[in-house]
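One structure is given below, encoded as structure tokens.
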Amino acid sequence: MKKLLLGAISFLVLFSACKDDDNVNSNTTPPEETQLVTPEVRARIADPLNQNPFTGILEIYPCNAETSIYYGNFINGNKTVFNGYYTILDGHVYGEYNRPLHLPLGTYNMVYWGTPKYDDPIYNTPAINSPGITQGVDLSNLYFRLRANTDNTYMPVYDLVHAVKPAQIGKEDLQASLTRVTAGLKIIAKMKQNEVFSPMITNIQARIGGIAEKMNFYTAETENKTKTVKFNLERSTDGTIMSNATVMLFPSAENPPLELIITLEDGSEHKLSKNLSSTLSENTKLTLNIILGEIMSGETPGDFSIEDWNEISETIEFPVIN
């Protein structure tokens with residue numbers, strides 16, 4: 001069980017916070033007659049066929065009833081900007097790495113953000129720019145944003161799940177059916193006849209375009225689907241496959257462009273590019289199976305096929321690339 005949570009704990013740095021001096025307002029302690037309640041928390045991931053218990057990190061942002069105005073959370077009797085923070089295992093709070101909500105009786109609009117933990121490998125260096133949360137801020141004016149590289153490309157993001165749901169503190173537990181708002185992409189590249197990759201190929205980099213620049217903190221809606229995210233493919237131990245652990249992305253525009261940059265040992269680069277027939281939508285996982293032809297005289301012919309999570313496939317043929 002502890003092993004299962006090691007990956008989830010790595011998400012402790014997902015959300016940024018303001019400086020401590022700005023986060024605690026000692027003048028907002030509740031009156032003596034106000035009862036602070038610590039609600040129970042349960043969470044599931046929405047699925048078209050069923051509801052799967054959630055495992056991972058869950059953050060909860062209480063807002064004023066029927067609004068997106070952030071209310072805050074009481075810690076040690078003082079109202080602070082620190083949101084609820086929980087480690088969840090199979091839908092229930094687990095362990096000691098938690099910062100529970102303590103709220104006065106009443107109705108709130110709860111905003112949930114989570115990062116799931118999976119048994120399958122996920123890209124291990126995601127990044128995201130998170131908004132600073134302040135007292136009374138309107139969450140609908142805040143955004144998660146892609147984190148930029150130095151070459152006008154961007155980094156893959158965290159796997160994110162989201163929900164907004166009202167709750168009556170003091171009368172009900174907190175329960176949320178979370179919806180994934182990111183898309184997954186995995187590329188599996190092979191040589192024809194399942195041959196070992198030629199030592200001439202030193203690196204394959206993937207670039208996927210048409211990716212949204214930012215995601216609204218309250219609604220999870222995305223904007224400006226014009227950015228390009230890059231990541232490298234890794235060579236397998238036996239040298240027959242170059243692939244990536246699933247990368248998570250903000251949703252894309254329709255038919256996003258994919259570019260593969262193949263670097264040879266002489267330093268030359270060869271590019272394959274094509275717009276995909278599929279779209280990287282929320283809660284989808286796309287697997288690209290790539291077959292590379294034999295490289296001769298620096299030329300890179302090859303076939304390119306794609307199969308997505310729903311077993312929809314397409315075949316793309318590239319001409320010889322000089």
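Send over a whole-number figure in Å² for the accessible area per residue of region 182-294, probe 1.4 Å.
Per-residue accessible area for region 182-294 comes out at 42 Å².
Which of the pairs LYS117/LYS285; LYS190/LYS271; LYS117/LYS165 have their Cα atoms more than 18 Å apart in this structure?
The answer is LYS117/LYS165.
What residues have an amide H closer than 5 Å to that of PHE54, excluding those fewer than 5 places away on the same chain, when H is modeled at 1.01 Å from N in the peptide plane?
Sorted by chain and number, the residues that satisfy this are ALA43, ARG44, ILE45, GLY91.
Long-range amide H contacts for PHE231: which residues qualify at under 5 Å (H placed 1.01 Å from N, peptide plane, sequence gap of 5 or more or a different chain)?
Amide H to amide H, under 5 Å and 5 or more residues apart or across chains, PHE231 pairs with ALA206.
Near GLN175, within a Cβ-to-Cβ distance under 15 Å, what is the net charge of the other residues, with Lys and Arg +1 and Asp and Glu -1?
Result for the neighbourhood of GLN175: 0.
How much of the accessible area of region 182-294, in percent, comes from carbon and sulfur atoms when a 1.4 Å probe is used?
Of all accessible area on region 182-294, carbon and sulfur atoms account for 42 percent.
What net charge do the residues around THR153 carry, taking every other residue with its C-beta under 10 Å from that of THR153, with Lys and Arg at +1 and Asp and Glu at -1?
After counting each charged neighbour, the total is +2.
Scan around LYS225 for amide H atoms under 5 Å from its own, H built in the peptide plane at 1.01 Å from N, and keep only partners 5 or more places away or cross-chain.
Correct list: GLU213.
The values are calculated or read from the model by the stated rules, or taken from the named source; none is laboratory data. Because the structure is predicted, anything quoted here is derived from the model rather than measured. Note: ideal-geometry Cβ built from the backbone for every residue, glycine included; neighbour counts use all protein chains shown. SASA here: full protein model, heavy atoms, side chains in, ligands and nucleic acids out. Shrake-Rupley method; radii C 1.70, N 1.55, O 1.52, S 1.80 Å.
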